[in-house]
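Note sheet for the following structure.
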Amino acid sequence: MRNIIVSFAACTLLCGAAYAGDAGSSAPVRDDATPDGAVTLSGGSVAAGIGYTWGHGVLRYHEGSRQFSIKGVSVVDVGATNFTAAGDVYNLSKLADFAGNYVAAGAGITIAGGGTAIYLKNEHGVVIKLVTTNVGLKFKLSADGVHVALKG
């Protein structure tokens, strides 16, 4: 009986996350918003139920660029994959706000050409709209999401 209740609760949470990413729901940034920066990202993940994602990237902000690292835990994931992605950064008023813990701000959406877009948001209100450039990237985040740290 307990397994049935736990399974039902998990299905309810996953369905709620999927509904949050529905076309009718609002994105964390306006469609016409101007990005404050841009990111490129590459890395990998490995999982067997609970997985680990790692990577590195470059943030282009104002007239310069900064390297960063990303690491985190995924849940209900199986397999191994390498990924590349690119995206825009919003609500970034100072460089230090880019670092932090990001969680999914809505379920991933499929875009033209088979890629996937997902919004990530950190505790400073910074939003990254990340678009995969190869098939197979899955950002199935735990409650802790992923941690982004600026290098150097």
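The values are calculated or read from the model by the stated rules, or taken from the named source; none is laboratory data. What you see is a predicted model, and the numbers here were worked out from it, not measured in a lab. All Cβ positions, glycine included, derive from the backbone under ideal geometry; neighbour counts span all protein chains shown.
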Please work out if Ala47 is over 16 Å from the mean Cα position of the chain (by Cα), surrounded by 14 or more Cβ atoms within 10 Å (Cβ to Cβ) and modelled with pLDDT under 95.
yes
Cβ-Cβ below 6 Å, separation at least six or inter-chain, first residue in region 54-66 and part of a strand (DSSP E or B), second exposed (fewer than 13 other Cβ atoms within 10 Å of the Cβ): which pairs?
Val58/Gln67
Taking only region 91-129 into account, find how many residues are among the hydrophobic types (A, V, I, L, M, F, W, C) and at pLDDT below 85.
8
Enumeration of residues in region 59-84 that are buried (at least 18 other Cβ atoms within 10 Å of the Cβ) and modelled with pLDDT under 85
Gly72, Val73, Ser74, Asp77, Phe83
Of the residues in region 89-105, those that are in a strand (DSSP E or B) and within 13 Å of the chain's Cα centre (by Cα) come to Val89, Gly100, Asn101, Tyr102, Val103, Ala104
Among residues of region 135-152 being modelled with pLDDT of 55 or more and either over 9 Å from the mean Cα position of the chain (by Cα) or farther than 21 Å from Gly100 by Cβ (or both), the residue surrounded by the fewest Cβ atoms within 10 Å (Cβ to Cβ) is Gly152
